[in-house]
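**Q** Here it is, the structure, as structure tokens.
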Amino acid sequence: MTGSAPITQDVLTIPRKLPEGARTNIVGLTRDKLREALIAMGTPEKQAKMRVNQIWQWVYQWGVRDFQAMTNLAKTYRAQLDEHFEITLPEIVSKQVSADGTRKYLVRIAGGHEVEVVYIPETDRGTLCISSQVGCTLTCSFCHTGTQKLVRNLTAGEIIGQVMLARDDLGEWPQPGVGTGESGPRLLSNIVLMGMGEPLYNFENVRDAMKIAMDGEGIALSRRRITLSTSGVVPEIAKTAEEIGCLLAVSFHATTDEVRDELVPINKRWNIETLLDALREYPKASNSERITFEYVMLKDVNDSDEDARRLVKLISGIPAKINLIPFNEWPGAPYQRSDWSRIESFADIIYKAGYASPIRTPRGEDIMAACGQLKSATERARKSKAQIAAETGTG
């Protein structure tokens with residue numbers, strides 16, 4: 001029941017709409033902010049909480065985008081909402097589907113900027129990888145996404161909007177009146193903040209978007225179904241535990257400061273020791289089971305047996321698992337993927353030390369949807385088209 005249904009009211013009863021862009025987009029407003037906005041519109045304070053609950057359920061539990069379809073609200077109130085507010089998501093520009101079922105969406109946000117969103121289906125879950133910034137400021141040397149300059153932070157609405165448009169595409173909104181989870185297993189059961197950008201450099205918008213995702217009367221994903229990945233913005237880690245409480249993943253990738261300074265330059269500001277001190281407190285503060293250490297396998301850079309043993313020693317005492325990520329190569333990349341036998345040897349050392357050490361199966365490589373590849377294929381394709389147009393005089 002998503003989309004806008006035709007309105008059959010007499011034209012005289014349709015409210016005067018404010019100019020384009022003047023209405024407030026409800027998507028991304030927290031409950032408190034939505035309540036304030038409704039009161040400012042003229043909703044009596046005593047009714048505001050109830051109205052928030054009603055609108056919230058329509059938008060985030062059932063995916064409704066048309067105020068006129070919110071049938072438990074009076075027609076006059078719906079008209080008033082229509083005059084002051086809108087329910088708008090980012091726009092899907094294109095969708096690619098990998099041979100393995102991975103879906104990659106190119107999504108346009110305000111200002112004409114674009115980010116990419118990836119949906120990864122698995123037998124027991126479906127994971128959506130979402131972006132928090134346009135571009136990235138971290139310049140990690142192994143990551144193609146990081147070669148793109150930071151343009152701006154995404155708003156809370158643009159972040160949660162990625163989740164909503166994926167549910168649109170998957171056809172996963174329950175019918176009005178049907179409770180969340182009553183339609184069977186979820187296609188979109190997990191969110192990972194591992195797309196473009198560093199989530200903790202956009203903390204407040206990420207926090208507000210994830211609170212919406214976790215709200216039990218809406219999308220209703222458990223905080224244990226949400227994983228935030230950071231490269232190590234140490235001052236925000238404790239805040240993440242306190243104000244979001246989701247699972248945490250860390251882009252670790254090296255076992256010495258010398259190598260990590262090169263791979264993850266933020267290490268020059270907060271080194272391995274400082275980062276690990278913050279991580280030791282996170283599971284206790286957030287009641288999180290364990291921290292995921294992400295470790296990209298780069299041939300002859302960070303993949304020796306000595307690195308594996310050093311990694312085990314570094315994370316001693318931290319409830320953890322280590323995700324080993326075969327490097328997703330991209331044109332011009334300064335690194336190569338570690339040999340498979342080398343990755344298995346590395347994993348075996350970690351496993352024997354008592355840590356889970358799954359080797360992540362690359363997904364969506366044929367559509368450049370794998371870790372570190374986001375947006376780059378789109379930019380190259382556009383550049384090629386522009387070059388062709390210039391050469392043929394058709395531009």
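Here, each number is a calculation from the coordinates, and none is a lab measurement. Computed from a predicted model, the values in this text were never measured in an experiment. Note that each Cβ is placed from the backbone with ideal geometry, even for glycine, and that neighbours are counted across all protein chains shown.
**Q** Grab the beta carbon distance between Asp100 and Thr76, set R0 = 56 Å, and tell me the FRET efficiency rounded to 0.05.
**A** 0.65
**Q** Please report the base-10 log of the normalised intensity I(q)/I(0) for the range 208-255, using a Debye sum with one equal scatterer per alpha carbon and no solvent, at each q in 0.15, 0.31, 0.33 (1/Å).
**A** For the requested q values the scattering log ratios are -0.43, -1.18, -1.24.
**Q** Taking the Cβ-Cβ separation of Arg269 and Arg125 as r and a Förster radius of 22 Å, what is the calculated FRET efficiency to the nearest 0.05?
**A** 0.05
**Q** Straight-line reach from Lys352: which aspartates and glutamates have Cα under 14 Å away, leaving out those fewer than 8 places along the same chain?
**A** Asp305, Glu344
**Q** Rounded, prolate or oblate: which one fits the range 11-86, using the alpha carbon gyration tensor with axes a ≥ b ≥ c (rounded when a/c is under 1.5, else prolate when a/b beats b/c, else oblate)?
**A** Rounded, because the longest to shortest axis ratio a/c is under 1.5.
**Q** What pairs in Lys211/Lys239; Lys149/Lys239; Lys33/Lys284; Lys95/Lys239 have C-alpha atoms more than 24 Å from each other?
**A** Lys149/Lys239; Lys33/Lys284; Lys95/Lys239
**Q** Moving to a separate point now. What length, rounded to one decimal in nm, is gained on full extension from Asp257 through to Ser304, with 0.36 nm per residue of separation minus their alpha-carbon distance?
**A** Between Asp257 and Ser304, full extension yields 15.3 nm more.
**Q** Where Lys and Arg each count +1 and Asp and Glu each count -1, what net charge lies around Ala238 among other residues with Cβ under 12 Å from its Cβ?
**A** Neighbour charge sum, excluding Ala238 itself: -2.
**Q** Calculate, in nm to one decimal, what Tyr351 and Ala220 gain on full extension: separation in residues at 0.36 nm each, minus their alpha carbon distance.
**A** 43.8 nm
**Q** Can you pull a Stokes-Einstein diffusion coefficient for the range 217-350 at 20 °C (1.002 mPa s), Rh from Kirkwood over Cα pairs, as a whole number of µm²/s?
**A** 137 µm²/s
**Q** Under 12 Å Cα-Cα from Lys268, which aspartates and glutamates qualify once same-chain neighbours fewer than 8 residues away are excluded?
**A** Once the sequence-local aspartates and glutamates are set aside, what remains near Lys268 is Asp257, Glu258.
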